[in-house]
Amino acid sequence: GAFSRSVLVFNDDFKNRSSAQENAQPIYEIISKCRTVEIQPSNATSQQTLLLGKYKGWTGHSVSLTGFESTSVAKRMGIFDCGWKFIDFGSNEFFWRISGWNSSWTLTDVGGRVVAKFSRAGFRMSKLGVLEVMEDVKEPMLTLILLTCKLVHKSVQESEQSSGGGP
């Protein structure tokens, strides 16, 4: 749920909304701790971390990313900007930009091509929102998208709490 330190990620095809959605099994779990955030397969019998993010510095505006035998970094775009940028494991830079009163954010590459979109769920406490990935991506990129989307969500929530606004 929205107050949990753990978020379950489901794979769903929204072109066909049916009762199958209620029977869906989570594919990943994103676990947030004090100085780390990590992604594990939700069906893993042992705790196998696919991607680990470690907050750097006292502000938490930079996160080192380790997984898939590679390392990278994600950084918050600015002190008053809740958006994040990250470099994938192929050295390509991506940007999460926030729009619509913090209700959605879009991931683009350097050329402005939309890679993913996230829409918050509003007041539904059991659901953070819907992430739509625009193309098939390999698992290393998918986990980067999921983890950095969670970083943006955390930044937006903290910003709303400090300003007293938001849903």
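Sorted largest first, the principal axis extents computed over the alpha-carbon atoms of the range 35-131 equal 39, 32, 30 Å. For residue 42, the residues whose amide H sits under 5 Å from its own are 28, 29, ignoring neighbours fewer than 5 places away on the same chain, with H placed 1.01 Å from N. Given a 1.4 Å probe and the protein chains as shown, residue 89 ends up with an accessible area of around 60 Å². Karplus-based coupling profile of the range 80-92, in residue order and whole Hz: 9, 10, 7, x, 10, 10, 8, 10, 6, 6, x, 6, 9, with θ = phi - 60° in 6.51 cos²θ - 1.76 cosθ + 1.60 and x standing for Gly or Pro. Working note: Karplus 6.51/-1.76/1.60 with θ = phi - 60° gives the range 102-109 the couplings 6, 8, 7, 8, 10, 9, 10, 8 Hz, where Gly and Pro are set to x.
Can you list residues whose amide H is under 5 Å from residue 10's amide H, if they're 5+ apart or on another chain and H is modeled 1.01 Å from N? Here 27 satisfy the definition. When the accessible area of the range 55-167 is split by element with a 1.4 Å probe, what percent falls to carbon and sulfur? Carbon and sulfur atoms account for 52 percent of the accessible area of the range 55-167.
How large is the direction-averaged shadow of the alpha-carbon convex hull of the range 43-95, in nm²?
Average of the hull's projected areas for the range 43-95 equals 4.8 nm².
Here's the list of aspartates and glutamates a cross-link from residue 75 could span, going by alpha-carbon distance under 14 Å and ignoring same-chain residues fewer than 8 apart: 88, 93.
The values are calculated or read from the model by the stated rules, or taken from the named source; none is laboratory data. Note that the structure is a prediction, hence the values are computed from the model and not measured. Surface areas here come from the heavy atoms of the whole protein model, side chains and all, with no ligands, DNA or RNA. Shrake-Rupley method; radii C 1.70, N 1.55, O 1.52, S 1.80 Å.
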